[in-house]
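First, the structure itself, so that you have it in front of you.
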Amino acid sequence: MSEHHEHSEHEHHEHCHSHTHHHENTKAVINRMNRAIGHMESVKKMVEDGRDCSEVLIQIAAVRSAINNIGKIILEDHIKHCVVDAVQTGDEKCLQDLEDAINKFIK
């Protein structure tokens, strides 16, 4: 697997806060991401092996659910910490960024 990561709009996106707080769930998020990546690799192998489409679709749904749960954990952490800081400091841009992120996440 390549160590090169594509960065789209996020490279030039200014974050609404300085990330001076500790993210409580970083380790759990990384562990869940690693499991989802491993699961997706096994689904890819299923496709390569010509497995039944129904089985593949069920596994894709499971991966999608795992990824959505990862997003929920990150969103909860963001609301509990970053957004609370933004409200306390009157950072309107952060609140708009949160709204944009939620709209993209729930699409």
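The values are calculated or read from the model by the stated rules, or taken from the named source; none is laboratory data. From a predicted model like this one, the values you see are computed outputs, not experimental measurements. Neighbour counts run over all protein chains shown; Cβ positions are idealised from the backbone, glycine included.
Could you grab the pairs with beta carbons closer than 6 Å, sequence gap of 6+ or different chains, first residue in segment 34-47 and assigned to a helix (DSSP H, G or I), second one surrounded by 13 or more Cβ atoms within 10 Å (Cβ to Cβ) and polar (S, T, N, Q)?
Every condition considered, the pairs that remain are Val43/Gln59.
Is it fair to say Cys94 is of a type outside the set (Gly, Ala, Ser), in contact with a Leu (Cβ under 9 Å, 6 or more places away or on another chain) and under 19 Å from His23 (Cβ atoms)?
Here the answer is no, as Cys94 does not meet what is asked.
Further, regarding this structure: Going by the structure shown, is Ser54 within 20 Å of Asn25 (Cα to Cα), hydroxyl-bearing (Ser, Thr, Tyr) and exposed (fewer than 12 other Cβ atoms within 10 Å of the Cβ)? Reasoning before the result, please.
Numbers: within 20 Å of Asn25 (Cα to Cα): no; hydroxyl-bearing (Ser, Thr, Tyr): yes; exposed (fewer than 12 other Cβ atoms within 10 Å of the Cβ): yes.
Against the criterion (within 20 Å of Asn25 (Cα to Cα), hydroxyl-bearing (Ser, Thr, Tyr) and exposed (fewer than 12 other Cβ atoms within 10 Å of the Cβ)), Ser54 does not qualify.
Residue-wise test of (1) modelled with pLDDT of 85 or more; (2) not acidic (Asp, Glu).
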residue: Met1; (1), (2): no, yes
residue: His4; (1), (2): no, yes
residue: Ser18; (1), (2): no, yes
residue: Asn25; (1), (2): yes, yes
residue: Ile60; (1), (2): yes, yes
residue: Ile70; (1), (2): yes, yes
residue: Cys82; (1), (2): no, yes
residue: Asp97; (1), (2): yes, no
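Considering only segment 68-107, how many residues are under 29 Å from Arg35 (Cα atoms), in a helix (DSSP H, G or I) and among the aliphatic types (A, V, I, L, M)?
Number satisfying all stated conditions: 9.
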